[in-house]
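Notes follow the structure.
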Amino acid sequence: MPIIRVEIQEGRSPEAKERLIAALTADAVEILEVRPEQVRVLIYELPKAHWGIAGQSVARRDREKEV
């Protein structure tokens, strides 16, 4: 049973996450030759304050862009 774990920043729409789940499932079915019922997709949404790029959180980078 393939388990696909995805970590993203919070804020994506429910529709976007549904499309991601469908696309990842379809790819796993094709590439791994498994049934869709066997595929699990887990989405972990992280707050921007918990996501760092170049030594700063995304929340801080966003605040600094606003100034």
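The values are calculated or read from the model by the stated rules, or taken from the named source; none is laboratory data. Bear in mind that the values here come from a model prediction, so they are computed numbers and not experimental data. We place every Cβ from the backbone using ideal geometry, glycine too, and count neighbours over all the protein chains shown.
Tabulated data
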| quantity | calculated |
| --- | --- |
| Test: residue in the range 29-37 that is in contact with a strand residue (DSSP E or B) (Cβ under 6 Å, 6 or more places away or on another chain) and not in a helix (DSSP H, G or I) | no |
| Qualifying position, being surrounded by 13 or more Cβ atoms within 10 Å (Cβ to Cβ) and in contact with an Asp or Glu (Cβ under 7 Å, 6 or more places away or on another chain), among Lys17, Lys48 | Lys48 |
| Yes/no for Glu33 being at positive phi and either among the hydrophobic types (A, V, I, L, M, F, W, C) or modelled with pLDDT of 95 or more (or both) | yes |
| Sole residue being at pLDDT 95 or above, among the basic types (Lys, Arg) and over 27 Å from Ala59 (Cβ atoms), chosen from Arg40, Arg12, Arg19, Arg5 | Arg40 |
